[in-house]
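J.: I'd like to ask some things about the structure below.
The values are calculated or read from the model by the stated rules, or taken from the named source; none is laboratory data. Note that this is a predicted model, so its numbers are computed, not measured. Here the Cβ is made from the backbone with ideal geometry for all residues, glycine too, and neighbour counts use every protein chain on show. Accessible surface areas use protein heavy atoms only, side chains included; no ligands, DNA or RNA. Shrake-Rupley method; radii C 1.70, N 1.55, O 1.52, S 1.80 Å.
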Protein chains: 2
Amino acid sequence: MAQSDTVDRILDAAEELFAERGFSETSLRMITSKARVNLAAVNYHFGSKNALIHAVFGRFLTPFSATLENAFDELEARCGGNPPTLNQTLWALTESAVRMPQRNEKGISIFMRLLGLAYTQSQGHLRKFLELEYGEPFNRFMRLLKEATPQLSAVDRYWRIQFMLGATAFTMSSSDALQDILRNKLGVETTVQEIAARLVPFLAAGMQAPDALLVPPTSSKIPVA
Amino acid sequence: MAQSDTVDRILDAAEELFAERGFSETSLRMITSKARVNLAAVNYHFGSKNALIHAVFGRFLTPFSATLENAFDELEARCGGNPPTLNQTLWALTESAVRMPQRNEKGISIFMRLLGLAYTQSQGHLRKFLELEYGEPFNRFMRLLKEATPQLSAVDRYWRIQFMLGATAFTMSSSDALQDILRNKLGVETTVQEIAARLVPFLAAGMQAPDALLVPPTSSKIPVA
DNA sequence: ATGTGCGTCAAACGTATGTTTCAAACAGAC
DNA sequence: GTCTGTTTGAAACATACGTTTGACGCACAT
């Protein structure tokens, strides 16, 4: 069959296994047996396990970052001069993620889970790879956030962005488990689109909360400064 | 020296290494060499690596859950009948965490990072252990949150709680790295208390955001339902 | 037909892991 | 001092990992 679809079969299997088990917990033997290819094929085609991880991320991150750049271009053009609002910026990101052409119905949740893992698991090589390869759209996103929240001090904005990233990465990185709980306890099915639709208002509201460093409303005496 | 501080030295080393590298990425040999004890001591005193992980969690989670129960008792007593507000509930949790006696200055960030890892890394045995052992205070916290946000639907509330947990666990778990960045880029020192003081208003605002499932403010046609 | 590259295969490599073993060292009770 | 149960020590165990090897098959150009 033409030339080797082995590469794609490996990428598909690796993507799925990484997403559901993490990187260290997924062995090459699991990947190759799920993909029904020979063990040596990974090292032959990719060179190493780390390079395979990079390839898995590159396969969906490269088209995504292009889509995202376009979305930001369009958004800034539509706003002509004025900086886009916080909601517009967040939605541009969300739409770009949701609209990505998916390989299968689990595509986007795998995508999200992998991003969460990349942030959470402290794989040094991965973080360097992602910063080097995809740092630019990330920085652009940060710049848009800054322009959309001029009322925040630099320190407040910095921390609130961390909170946003945390809520997003954490939710997405455990989304399968969470969806299981929700299905069992509440009997509800949830799509990634619905989660995103709930997440964005939460983030926007938190981002625009009244200034921090209020004294807690209890009788307490926490040292806040 | 009395009876073996070997156990504590192992727990100290394991706690720190788990927090900074994750569970699978931390070998027993790293732990025992950091603790300067013999390799066999772990299996002798704890039985297995998994049991060691449980012991690490138990050591800080047991006193914490007791502190937390007291804080909730006191809060409910003070409110006499009326359900505590969202802010009060969040502050009760935060104070309990911050006021825990710390083994060292990194105590609370290790604590948070471990909780985040427990949620994120799909270690089945750990989740079962935590649910079995500490499910009760967690459920009580959830009940308080429910009573404090009667306007939310069960599904909305469920997801927003996940967002809160994510922002918290993520932020606290990387707070050392984040504080370094902040110190370098903005020239500011930050304590865990200050981070908490910024986090709680963010969470409260997100939790009380207008109902979700709004159509995005752009021209888009995302399927939100 | 024949040689050349590329992809696949089973097998092995060296290393690191969690766990076990068993002898030695130690403590406190009598 | 001697005994007894507990804790440590160095070494080995079996297994799993990522990676490498070298033979083999197959297409295609000459």
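J.: For the stretch A:169-177, check the following and say yes or no: at least one residue is open to solvent by 20 Å² or more (accessible area, probe 1.4 Å), at pLDDT 70 or above and among the acidic types (D, E). Walk me through it before giving the result.
T.: Restricting attention to the stretch A:169-177, the residues satisfying the condition of being open to solvent by 20 Å² or more (accessible area, probe 1.4 Å) are A:176-177.
Among the residues that remain, those that are also at pLDDT 70 or above are: none.
Among the residues of the stretch A:169-177, not one is open to solvent by 20 Å² or more (accessible area, probe 1.4 Å), at pLDDT 70 or above and among the acidic types (D, E), which makes the answer no.
J.: Moving on to the next point. When you go through A:L17, A:L52 one by one, which is the residue that is in a helix (DSSP H, G or I) and at pLDDT 95 or above?
T.: Values: A:L17 fails: at pLDDT 95 or above.
Result of the check over A:L17, A:L52: A:L52.
J.: From the list A:F72, A:F23, which one is within 13 Å of chain B (Cβ to nearest Cβ), within 21 Å of A:E131 (Cβ to Cβ) and within 16 Å of DNA strand C (Cβ to nearest atom)? It would help to see each step written out before you state the result.
T.: Numbers: A:F72 fails: within 16 Å of DNA strand C (Cβ to nearest atom).
Result: A:F23 is the single residue among A:F72, A:F23 that is within 13 Å of chain B (Cβ to nearest Cβ), within 21 Å of A:E131 (Cβ to Cβ) and within 16 Å of DNA strand C (Cβ to nearest atom).
J.: For residues in the stretch A:43-56 being more than 7 Å from DNA strand D (Cβ to nearest atom) and under 12 Å from A:F18 (Cβ atoms), which is farthest from the other protein chains (Cβ to nearest Cβ)?
T.: A:A55
J.: Tell me, which helices (runs of 4 or more DSSP H) lie completely within the stretch A:79-173 with 3 or more residues that are closer than 19 Å to B:T120 by Cα, among the β-branched types (V, I, T) and under 15 Å from the mean Cα position of the chain (by Cα)?
T.: Values: elements: A:86-99, A:107-120, A:124-148, A:154-173.
Result: A:107-120.
J.: Identify the residue in the stretch B:27-42 that is closer than 20 Å to A:S24 by Cα and within 7 Å of DNA strand C (Cβ to nearest atom) and, among all such residues, is nearest to the other protein chains (Cβ to nearest Cβ).
T.: B:S27
J.: In the stretch B:20-44, how many residues are assigned to a loop (DSSP other than H, G, I, E, B) and either of a type outside the set (D, E) or at positive phi (or both)?
T.: Going through the stretch B:20-44, the residues assigned to a loop (DSSP other than H, G, I, E, B) turn out to be B:22-27, B:36-38.
Next, from what is left, pick out any that are either of a type outside the set (D, E) or at positive phi (or both): B:22-24, B:26-27, B:36-38.
Within the stretch B:20-44, residues that are assigned to a loop (DSSP other than H, G, I, E, B) and either of a type outside the set (D, E) or at positive phi (or both) number 8.
J.: Determine if the stretch A:1-20 includes at least one residue that is within 12 Å of DNA strand D (Cβ to nearest atom) and within 14 Å of another protein chain (Cβ to nearest Cβ).
T.: Yes, because at least one residue in the stretch A:1-20 is within 12 Å of DNA strand D (Cβ to nearest atom) and within 14 Å of another protein chain (Cβ to nearest Cβ).
J.: Of the residues in the stretch B:30-42, how many are open to solvent by 70 Å² or more (accessible area, probe 1.4 Å) and within 9 Å of DNA strand D (Cβ to nearest atom)?
T.: Residues that pass the stated criteria total 2.
J.: Next up: Count, please, the residues in the stretch A:54-90 that happen to be among the hydroxyl-bearing types (S, T, Y) and crowded, with 20+ Cβ neighbours inside 10 Å.
T.: To start, the set of residues in the stretch A:54-90 that are among the hydroxyl-bearing types (S, T, Y) comprises A:62, A:65, A:67, A:85, A:89.
So of that shortlist, the ones also crowded, with 20+ Cβ neighbours inside 10 Å come out as A:89.
Count: 1.
J.: If you don't mind, there's one more thing I want to ask. Within the stretch B:206-225, can you find the residues that are open to solvent by 20 Å² or more (accessible area, probe 1.4 Å) and either under 30 Å from B:Q88 (Cα atoms) or modelled with pLDDT of 90 or more (or both)?
T.: B:Q208, B:P210, B:D211, B:L213, B:L214
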